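What follows is calculated from the coordinates using simple rules that are stated; it is not laboratory data. Being a predicted model, the structure only gives us computed values, none of them experimental. Don't worry about glycine lacking a Cβ; one is built from the backbone with ideal geometry, like all the others, and counts go over all protein chains shown.
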Amino acid sequence: MRDQLVFLLQLQQSDVKVRELETAATQLPAKLDPLRRDLAKLQTMLDAERAKLAETDAWRKTQQELIDRERELLKAAQAKLQASKNSKEFGAASREVENKRKSITDREAELKKVSEVSATSTVQLQSRDKDVEGVRTELTSSEDAQSEQLGAIRAALAEAITTRDAARAQVDKQWLKIYDTLAAKRGYAVAPVVKGVCQGCHMALPPQLNNILARMESIETCPRCGRLVYRKELLEPAAPAAAAAPAAEESKA
Ligand SMILES: [Zn+2]
C-alpha cells in the first residue's frame, strides 16, 4: 500500500506540474499584447501625421503653381505698361502690375509660413519614426525571447506528461478511478495528514483512523473531504534529509 500511495502522490505532483505548464504555455503569448497595442497606437498616430504632412505638401505645390502663373500675368502686365500709349492705359496697367505684385507677395508670405511649419513637422515625424522603430525592435526581440521560452515550456510539458503517464501506469485501476473522481471534484485527490489533521479540509481525523494511517497497510479516505490521506511524516521525510538525498546521489554519479 505504501507503494500505491507513493505512486498516487507522484501522479498528483506531475498532474499539478502538467497543469501549471499548460497554463504558462497558454498565457505566455498574451504577455506582449500591451506592447503590441502601444505600437499599433503609435503607428496610427504616425500615419495620421504623415497623411497631414502629405496634404500640406500638395497644398504648397498648388500655391507654388499659382504664384508661377501670377508671375506670368505680372510679366504680361509689365509689358502692357511699357506699351501704354496714353495716361489712361498707363494708369490701368500700373494698377494691374501693382495688384499682381501684391497678390504674389501675399501668397509667398503665406507659403513661407506654411513651409516653416511643415519643416518642423517633418523633423518631429522623423524623431517619432525613430521612437516607433525602437518599440518595434523591442517587440521583435521580446517575441524572439518569448518563442524561446515557449519552446522550453513545451519541452518541460512533454517531459511532465511522460512522467505523469508513467505514474498513472503504476497506480492500480481501482485507485485511479477514485483519484480521477476526487481530482475532478476537489481539485486534488491526495492529502497529507499533519498532527492528525487532514490538510485537504483541515479537519482533525478520529484518533483511531490516525493510528490506522500510521501502519500504512491500507489506503484510507478523510471522513470529511473524501480525499485519500496519508501521514505526511511517513511519506515525506523532513526537508533536510530530502535535500541531502539527491546531493548524495549526484556525488556518486
Ligand atoms: Zn479531509
Completion exercise
To the nearest 0.05, the calculated FRET efficiency linking Glu89 and Thr122 through their beta-carbon distance, R0 being 41 Å, is 0.30
Handout entry: Sequence-distant lysines (8 or more away, or on other chains) whose Cα lies within less than 27 Å of Lys173
Key = Lys17, Lys185, Lys232
Exercise for the section: Only Lys, Arg, Asp and Glu count, each charged at its Cβ (+1, +1, -1, -1), so figure out the dipole size of the chain about its Cα centre, rounded to 20 debye. Expected result: 820 debye
Practice task
Please find the FRET efficiency linking Val194 to Gln43, where r is the Cβ-Cβ separation and R0 is fixed at 45 Å, and quote it to the nearest 0.05.
Solution key: 0.20
Problem - Restricting region 64-159 to trypsin sites (Lys or Arg not before Pro) in coil, as DSSP defines it, with at most 10 other Cβ within 10 Å - result: Lys85
Exercise for the section: Between Ala183 and Leu139, take the C-beta separation as r, use R0 = 45 Å, and let me know the FRET efficiency to the nearest 0.05. Expected result: 0.70
Practice task
Can you spot the aspartates and glutamates whose alpha carbon is less than 17 Å from Lys52's alpha carbon? Ignore those fewer than 8 places along the same chain.
Solution key: Glu116, Asp129
